[in-house]
Structures are given as structure tokens and as C-alpha cells.
């Protein structure tokens, strides 16, 4: 398949059923009417790399589904940014290895809010959508690739005040990036605390309305995984419609893993 091409995946979806003879159990993934892809892009990286988003969208309904794609840009407000509407046939899907370029017609880094909508343009609670997402690039000087998978989050599960990310590593091998996506229509201010074996670092980050930020968390090397805590400290119009995540990135190969923040237990 040509890199970056849009693929109409299937004209129907097969549900695999456990067979007694093989004792194999395959569970289908739950669906959502609206979800967030927290990071996507089409942008230059270091050392001659170019990062793209490989995204798959599937409609599990037995009817055609209208879908609205909203781009949440990095560091600037996404309020007023034109949306893109597409349709996916019944029990079918689409995929592109360069989704931001080919489907969104955007460039740079951002997040994507995906919403199943009615013909009138309202959110469709009956929508049954599933998505997968990864960011990838060719490794310089080769035809091989390196990539980083990203969690897709149903907006029904988003309600944050304090979010903690565990398991990130910051030392001579790895650097740590933190991402915050603000889904509210007002700017929000966050405090980011990264605690390791040698020090605790604190910084404040402002995130514009309907936008995202991704930034490097600097500090002392840690012999244990970091605990990263993100708290909404906005003085007015404080929103719970946001998520945080962190990525550890190999300083040599660019290999990375991403962990979504979870709410602090009460």
C-alpha cells in the first residue's frame, strides 16, 4: 500500500466468535459517539525525520455515519477553526497513514476531536465509532520506521481536576514530553509537577481554548520512573474538560511510549 494513501478498509465488519475447538476468545472494543485523539500531526522532526499520523476510523453501525473532525492546534486557540465533515459507510471504515494531510488537510501538530453527527449537524448519541492512532516516521537513512502509539479517549470519560502519569523515564537515555489537551471554550492554566529520585520540578503552562500543548519536561536524571502530576489551577472558569499524558522518548532512536494520565483517587 502506498504510504499516506487513504484506504477504505472494508465494506463490512466481521465479528470473530470464540470457537470451542480452538478455545480462542476475541473481545470487540467498545465504541463511542465522540472521542479525542490527543496528538496527531504532519511535521518535521529532528535529524531529517518527518512525523505523520496513521489513523483508522471504523463505523460499527449498520447505517452510514456522518462524522465531524475538529482540529485542535498546538499553542493557539482552536475556537473558530473550520471543521471537516466526512461520511463512513455502514459497517466500514477508512484509514490513512498520513491522516492529517490527506483527510484533515492540515499540517503541524495538534489533537483531533472526532464526533458522530446527525444530518442536522448535532452530536449523534447512536454513533458507534472506534479509532486507532499512531505517529510514525522513516528512520533517517533507511526504509524502516519508528512509531509511537497514542491512546484514543472517549469524551464521556473525560472529567479531570488532577491527573497523574506514572512510569515515564528521564535520564541519559530518555527525555520526557508532557501533553495537555484543553477541550473547553476558555483558556486554562495548569501546574505540572515532575517528581523523581533526585528532585521535584514545578512549572506552569497555559493552554488556549480548544487547543493542545506538547512540551519537554526538563530536570535532573532520575533512577526511578517519574511521577508527573498535572493540576488545573485556573483562577476563573476552571474546566474539567481536559486530559494530560506523557511520553518517554529514546534520545538515540526516537523510540517512545505514551501513558495517559489518570485521575487522583479521592
Exercise. From the square roots a ≥ b ≥ c of the eigenvalues of the alpha-carbon gyration tensor of the stretch 52-196, which class results: rounded (a/c under 1.5), prolate (a/b over b/c), or oblate?
Worked result: oblate
For this session: Could you tell me whether the stretch 126-266 comes out rounded, prolate or oblate from its Cα gyration tensor? Rule is a ≥ b ≥ c as square roots of the eigenvalues, rounded for a/c under 1.5, then prolate if a/b exceeds b/c, otherwise oblate.
Result: oblate
Exercise. Label-point separation (nm) for residue 195 and residue 216, each offset 7 Å from Cα along Cα-to-Cβ?
Worked result: 2.6
Exercise. What spacing in nm lies between the two simple spin-label points modelled at residue 257 and residue 120, each 7 Å away from Cα in the Cβ direction?
Worked result: 4.7
Exercise. What percent do you get for the relative contact order of the chain when only Cα pairs under 8 Å and 6+ apart count?
Worked result: 21
Exercise. At what distance in nm do the modelled label points of residue 264 and residue 44 sit from each other, each positioned 7 Å from its Cα along Cα→Cβ?
Worked result: 4.1
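Work out how much length residue 139 to residue 90 would gain on full extension: take 0.36 nm times their residue separation and subtract the Cα-Cα distance, in nm to one decimal.
Details: separation 49, 0.36 × 49 = 17.64 nm, distance 3.70 nm.
That works out to 13.9 nm of additional length.
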Exercise. Rounded to the nearest 0.05, what FRET efficiency do residue 62 and residue 30 have when you use their Cβ-Cβ distance and R0 = 22 Å?
Worked result: 0.80
Exercise. Pick from 230, 114, 202: which residue has the top mean-square fluctuation in a GNM of the chain where Cα pairs under 10 Å get a spring?
Worked result: 202
For this session: For the chain, set up a Gaussian network in which alpha carbons nearer than 10 Å are linked by springs, and say which option among 77, 155, 253 fluctuates the most.
Result: 253
For this session: Find how many whole Å separate the alpha carbon centroid of the stretch 130-199 from the alpha carbon centroid of the stretch 81-117.
Result: 20
For this session: Using only alpha carbon pairs under 8 Å that are at least six residues apart, calculate the relative contact order of the stretch 72-195 and give it in whole percent.
Result: 14
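Values quoted throughout were computed directly from the atomic coordinates according to the rules given, and no laboratory measurement underlies them. Just so it is clear, the structure is predicted and the values come from calculations on it, not from any experiment. Positions of Cβ are generated from backbone atoms using ideal geometry, with glycine treated the same way; all protein chains shown enter the neighbour counts.
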